[in-house]
Amino acid sequence: MTAATLTGTAEDGPRVTDHRGGVWSIAVPIPDNPLGHTLVHLVETGRGPVLVDTGWDDPDAWDTLTAGITACGFHVTDLHGVVITHHHPDHHGLSARVREASGAWIAMHAADAAVVRRTREAEPGRWLDYLLTKLAAAGAPDSHLAPLRAARAQGRTRDHPGRRAALPDREIAPGALLDLPGRRLRAVWTPGHTPGHVCLHLEEEHPARRPGHGRLFSGDHLLPGISPHIGLYEDPDDPTATDPLGDYLASLERVARLAPAEVLPAHQHAFTDAPGRVRELLAHHEERLAGLRALLAVPRTPWQLAEAMEWNRPWERIPYASRSIAVSEAEAHLRHLVRLGLAEAVPGSARTAGAAGSAGAAGPSGLSGPEPVTYRAV
């Protein structure tokens, strides 16, 4: 007998996996996304079931989540709490609806709770203004900026999905055991993918008695076959030059030291050998940083660097919106190189006073911005 059993398929109901020991996963669909779904985990406790993440705010996702909870032997009204690994909408999106249906508390790390609060309170055009400034500072061409400028000028400020997510009412303190009767679930702060990302270490013997130390709900921090996006932490009102990639690499090593028997991630599938996967990811980023240094033998803006990097498809085939994400990832790697003293701003280029990727001052409504800076290897 295996330690996990699949109880549904796309044809006959929600895909629910029984991981044994009072732990299940529910594959909740993400609309129009190649990842396909988020694995929402349900953990049985002495006060009722608790969810780890909720899924995207979408009618099909809600129907799948509630059907999945039923397949686990519970009803959505039975939920006692929700623990959010990080604020992204495919993890936190349905939290408000879950709380409305069940009265469950919602817990999140303070750094990501601040992002949720800022997103909910921001004027609708504020994010677009910031994005225009940031992309101009990175060296984005007019062809990429023009649609954003037109949308801003015409007042077409699409509602950000995070504006509908619930404000958490409990804080996840790093290193603390969560208040879950009958379970030992400890928070492990793992910044990088977001500033407040947490993994959750279930400090209990594996139900199949696999070697290692319990099980780890890893969110997007540790995935079996892909590397999570590491971009810049985005706060329009905070000019602090953070180092998300440096945070991520340090967080990976922290998770490797836990040596869990099994990892239950938010995407793809459960897996073992967390230390081995961490070594692969560390090697991947080391190789990528070396490749970027080689590219910076020729001075480049962050946008030019992203164009020259290797992605999962040629740059000309990367969708418009995804190019902004790719540039943010290039900036995060560039900022880490600057922090390590392996790259620097070219003297005399614009914005040489700041760290890589920090946006400069914009004109009214973000319609104009600073000249981009170029960087070179040291």
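Taken together, the values in this text are just the output of simple stated rules run on the coordinates, not laboratory data. Fair warning: this is a prediction, and the values are worked out from it, not measured in the lab. No Cβ is skipped: glycine too gets one built from the backbone with ideal geometry, and neighbour counts run over all protein chains shown.
Odds and ends about this structure:
- Cα shape, region 123-210, gyration tensor, a/c 1.5 rule: prolate
- Simple spin-label estimate for residue 20 and residue 205 in nanometres, 7 Å along Cα-Cβ: 1.2 nm
- Cα-projected label distance for residue 110 with residue 273, points at 7 Å along beta-carbon direction, nm: 3.9 nm
- Placing unit charges on the Cβ atoms only, positive for Lys and Arg and negative for Asp and Glu, gives region 187-254 a dipole magnitude near 540 debye about its Cα centre.
- Semi-axis lengths, Å, the chain, gyration tensor of Cα atoms, sqrt of 5 times eigenvalues: 37, 24, 18
- Cα gyration tensor shape for region 218-278, rounded if a/c is under 1.5, else prolate or oblate: prolate
- In sequence order, region 72-86 has phi-based couplings of 7, x, 10, 10, 4, 5, 7, 4, 8, x, 9, 10, 9, 6, 6 Hz under the Karplus curve 6.51 cos²θ - 1.76 cosθ + 1.60, θ = phi - 60°, and Gly or Pro positions carry x.
- Under the convention that each Lys and Arg Cβ holds +1 and each Asp and Glu Cβ holds -1, the size of the dipole of the chain around its Cα centre is about 500 debye.
- Highest-first arrangement of 124-132, 82-90, where packing means the average Cβ count within 10 Å: 82-90, 124-132
- Mean shadow area of region 1-137 over all directions, Cα convex hull, nm²: 10.4 nm²
- Ellipticity estimate at 222 nm from DSSP helix runs (n ≥ 4, -39,500 (n - 2.57)) divided over the chain, nearest 500: -10500 deg cm²/dmol
- Computed lengthening from residue 283 to residue 176, 0.36 nm per intervening residue step minus Cα-Cα distance: 35.5 nm
- Dividing the Cα radius of gyration of region 66-138 by 2.2 N^0.38 Å, with N the residue count, gives 1.45.
- Cα gyration tensor shape of region 154-307, rounded if a/c is under 1.5, else prolate or oblate by comparing a/b with b/c: oblate
- Dipole moment magnitude, nearest 20 debye, region 18-82 about Cα centre, only Lys, Arg, Asp, Glu C-beta charged: 320 debye
- Among 253, 171, 310: highest mean-square fluctuation, GNM of the chain, C-alpha pairs under 10 Å: 310
- Packing order of peptides 196-203, 24-31, 333-340, 235-242, highest average first: 196-203, 24-31, 333-340, 235-242 (average count of other Cβ atoms within 10 Å over each peptide's residues).
- Of the DSSP H helices in the chain, those with a Cα length along their own long axis of 20 Å or more and a mean Kyte-Doolittle hydropathy reaching -1.0 comprise 244-258, 274-295, 320-339.
- Stretchable slack from residue 294 to residue 77, in nm (0.36 nm times residue separation minus alpha-carbon distance): 72.6 nm
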